[in-house]
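First comes the structure, then the notes that go with it.
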There are 2 protein chains.
Amino acid sequence: MTTIQRVADLAGVSTATVSRSLAGKSSVSPATKERVEAAAKELGYVVSSAASSLASGRTRNIGFILPDLDSWFFMAVLKGAQRMLADAGYDVTLYHLPAANGLDVDEPGTARRARLFDEILRRQRCDALIAVNLELDEREREALRELGRCLVGLGGPVHGVHSLGLDDTAVAYDATTHLLSLGHTAIAHITGDAEFERDFAMPATRRAGYESALAEAGIESDPLLVRTADFTIAGAYEATKQLLADPHVHPTAVFAASDEMAIGAILAARDLGLSVPEDLSVMGVDGHDLADFFGLTTIDQYPEQQGQRVAELVLSELAGEGVEAVVERLPYALVQRSSTSIAPPLHSPITP
Amino acid sequence: MTTIQRVADLAGVSTATVSRSLAGKSSVSPATKERVEAAAKELGYVVSSAASSLASGRTRNIGFILPDLDSWFFMAVLKGAQRMLADAGYDVTLYHLPAANGLDVDEPGTARRARLFDEILRRQRCDALIAVNLELDEREREALRELGRCLVGLGGPVHGVHSLGLDDTAVAYDATTHLLSLGHTAIAHITGDAEFERDFAMPATRRAGYESALAEAGIESDPLLVRTADFTIAGAYEATKQLLADPHVHPTAVFAASDEMAIGAILAARDLGLSVPEDLSVMGVDGHDLADFFGLTTIDQYPEQQGQRVAELVLSELAGEGVEAVVERLPYALVQRSSTSIAPPLHSPITP
DNA sequence: CAGCACCTTGTAAGCGTTTACATTGAGGAG
DNA sequence: CTCCTCAATGTAAACGCTTACAAGGTGCTG
């Protein structure tokens, strides 16, 4: 182990000067700094993060808490954040927060969740926490507050904390309005099931946006046109099949709450012999890698940039720059591709 | 901050005893242990990881190095590993290792890569490293060796290091043999481009397995039947379209090197008006979440279990149990679904 | 030329644990 | 009863760095 003492000896200065030098503090003469750097390089010296953390109270590590490791969206966000943080010299430690489904308190997921708040995060391994899409109960919120760490939420409106998020109502409103402007009136909505997704207010919010756009257009919203599924291709595929097979409704457009769901909808339509967009327009939300491939019209929310942005925010807060905005709305944009077009003349899409 | 001293005071013992107690060392009387635990709980004491690391040299943190954050496969592996490690009390820190494409040395990716080896990993933040699918050059290998940390590779055969991996030749051989056994003789192969994927020996290995199976069946392999693309749905989609449009070849089956590629192949076939499996059998490798949805016959390599397994290995090595196997072959299994069936009578699939 | 301000550097006191070693006391063997 | 062993605990020295504070110089001002 090459310690700071060795570097100090080689450079002929004290360890304090080495520390200051390497930390880029101003009060070191250029000549000394150069000598120190040369010595450090020669010895291949790198600070020990444990010692540094213990002495300074800073870890140069950011915790990234997310509800799922196998969702495309979260990974895109993580990617953006990781890159920015790494470039700033921060490591990223991953914490998986299983949904607390509230049903079964003794269930392992709940125990894991409690453990995260009671032990893991309290080990002081992180300077700051980024929490994606999570809704906390009061006890958990309190636990985080006690940590006294910088905490910023992305997506889920973490109460009383800096957070970034889409204006989900506006997003859904805009998407629906796009379909309305194409002449669609029977617009279905595929979204997540609010019951199951306790950690996740988004489905309800998006649905509200969808309904308000309809209302504004003077269209009464039909509960039969709203279907729920989990946020997967397969889930939406099933939901869409059922929707399209239902003789009581004849949607000419589907607004899905995520791109993966929208892809499921497209595949379902195809398998029922419907053409997209001739028989059915489909749009999603996200800006998924595959959106282009499927020609999917979508509301792009630039997930990778979201990650970057949240990282920036954390970095500037750590740098002591007072960040005022407690809630920041993220940008989004409608990207028009080939999965939406003007409404076909009214007919039952199942029997062309 | 509630320190160990406070706990010691409250329990009426020395800090040494508290430390021993909480670490579960044997030489503490049950009565004392109980008192210490009660005190710790009352004060909500949790050890400071920095102090503990500095004193003990152990970090309780594992580094997970991977070439990509947006590949389904890596995330599945990560998920399995993260869960197992978290349950063992370890945190997981993510390191992104951009491919060193060798072309442009000054390119930022290369700089980032160098930095990872020269600085980041040397900060001693991890007790062990798990490296997924990466090929190192000599300098990098040396850098890792110098770390003196436990290192295990998954996938990419990290030279001279414990590693887990599929027998890619056997996998491809078995897949191809499956198609042969269904009567196919014109079997195409969609795989990664070995040139571009410098960090990735797998495409070549799988291709070898594919060819050896053909050879064993007395079939001469036709270079026109082998197409390359990046490992994405979209890439394979294009490659498959070109393959199927090529008048010189008439494949009745496609073996794709990954499930995502296989899905691309299925979608391409559909878009050309071919039915899967009637006109074209398709199979992949991985065990993708979506394989079931697409009825994809595949060789499941249980990525999540791979993550668990690699985590287990690391944990037992850290526990000091001498692990002997330097290379461990991972299990896999053919899962037959509806995307493969017996070969159709010979004809050009493009003009039925 | 004294006095002052400021820049650079060194000194040394932590930071909160772990752990080698010393100490104490109890129980068992002889 | 003495001596030895061993279990349980305490003492105190690291662990490798950061940083408040002190000290020494330099150059300027008046």
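Of these, A:G102, A:G160, A:G183, which one is open to solvent by 40 Å² or more (accessible area, probe 1.4 Å), at pLDDT 90 or above and part of a loop (DSSP other than H, G, I, E, B)?
Values: A:G102 fails: at pLDDT 90 or above; A:G160 fails: at pLDDT 90 or above.
Only one candidate passes the filter, namely A:G183.
Answer yes if at least one residue in the range B:23-32 is over 30 Å from B:A257 (Cβ atoms), more than 10 Å from DNA strand C (Cβ to nearest atom) and within 8 Å of another protein chain (Cβ to nearest Cβ), and no otherwise. No, that holds for no residue.
Before we move on, is B:S71 within 14 Å of DNA strand D (Cβ to nearest atom) and within 26 Å of B:R115 (Cα to Cα)?
Details: within 14 Å of DNA strand D (Cβ to nearest atom): no; within 26 Å of B:R115 (Cα to Cα): yes.
No: the conditions fail for B:S71.
Taking the conditions exactly as written (over 29 Å from A:G63 (Cβ atoms) and not in a loop (DSSP other than H, G, I, E, B)), does A:G235 satisfy them or not? Considered against the rule, which asks whether it is over 29 Å from A:G63 (Cβ atoms) and not in a loop (DSSP other than H, G, I, E, B), A:G235 comes out as yes.
Applying the selection to the range A:317-348, what residues are in a strand (DSSP E or B) and at pLDDT 95 or above?
Taking the range A:317-348 and keeping what is in a strand (DSSP E or B), we get A:327-329, A:333-335.
Those that are in a strand (DSSP E or B) and at pLDDT 95 or above: A:A333, A:L334, A:V335.
Please determine, by comparing only the residues of the range B:5-14 that are of a type in the set (A, V, I, L, M, F, W, C) and more than 9 Å from DNA strand D (Cβ to nearest atom), which one is most open to solvent (accessible area, probe 1.4 Å).
Step one: of the range B:5-14, the residues of a type in the set (A, V, I, L, M, F, W, C) are B:7-8, B:10-11, B:13.
Those still in the list that are more than 9 Å from DNA strand D (Cβ to nearest atom) too: B:7, B:10.
On the way: B:V7: 0, B:L10: 89 Å².
Here the residue is B:L10.
Inspection of the range B:34-44 identifies at least one residue that is surrounded by fewer than 19 Cβ atoms within 10 Å (Cβ to Cβ), facing chain A (nearest Cβ under 9 Å) and away from DNA strand D (no atom under 14 Å from the Cβ). Looking across the range A:57-75 at every residue that is at the interface with chain B (Cβ under 9 Å from one of its Cβ atoms) and within 16 Å of DNA strand C (Cβ to nearest atom), the one that is surrounded by the fewest Cβ atoms within 10 Å (Cβ to Cβ) is identified as A:G57. Within the set B:R83, B:R115, the sole residue that is without any contact (Cβ under 8 Å) to a residue 24 or more places away in the chain, out of contact with any Lys or Arg (no Cβ under 6 Å at 6 or more places or on another chain), more than 16 Å from DNA strand C (Cβ to nearest atom) and within 11 Å of another protein chain (Cβ to nearest Cβ) turns out to be B:R115. Counting only residues that are open to solvent by less than 60 Å² (accessible area, probe 1.4 Å), touching a helix residue (DSSP H, G or I) at 6+ places or on another chain (Cβ under 8 Å) and near DNA strand D (Cβ under 6 Å from one of its atoms), the range B:15-33 holds 4 of them.
Just give me the residues in the range B:300-316 being open to solvent by 50 Å² or more (accessible area, probe 1.4 Å) and part of a helix (DSSP H, G or I), in sequence order. Once the filter is applied, which keeps residues that are open to solvent by 50 Å² or more (accessible area, probe 1.4 Å) and part of a helix (DSSP H, G or I), the range B:300-316 yields B:E304, B:Q305, B:Q308, B:R309, B:E312.
Here is a yes/no grid of residues against (1) assigned by TED's automatic domain parsing to the domain that holds A:V326; (2) in a loop (DSSP other than H, G, I, E, B); (3) open to solvent by 30 Å² or more (accessible area, probe 1.4 Å); (4) touching a residue at least 40 places away in the same chain (Cβ under 8 Å):
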position: A:C126; (1), (2), (3), (4): yes, yes, no, yes
position: A:A131; (1), (2), (3), (4): yes, no, no, yes
position: A:E142; (1), (2), (3), (4): yes, no, yes, no
position: A:R145; (1), (2), (3), (4): yes, no, yes, no
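Is it the case that the range A:79-87 has a residue that's touching a helix residue (DSSP H, G or I) at 6+ places or on another chain (Cβ under 6 Å), within 16 Å of DNA strand D (Cβ to nearest atom) and either among the small types (G, A, S) or open to solvent by less than 30 Å² (accessible area, probe 1.4 Å) (or both)? No; the residues of the range A:79-87 include none that is touching a helix residue (DSSP H, G or I) at 6+ places or on another chain (Cβ under 6 Å), within 16 Å of DNA strand D (Cβ to nearest atom) and either among the small types (G, A, S) or open to solvent by less than 30 Å² (accessible area, probe 1.4 Å) (or both).
The values are calculated or read from the model by the stated rules, or taken from the named source; none is laboratory data. Worth saying up front: this structure is predicted, and the values here are computed from it rather than measured. Reconstructed Cβ throughout: ideal geometry from the backbone, glycine too, with neighbour counts over all protein chains shown. Protein only, heavy atoms only, side chains kept; ligands, DNA and RNA dropped before computing areas. Shrake-Rupley method; radii C 1.70, N 1.55, O 1.52, S 1.80 Å.
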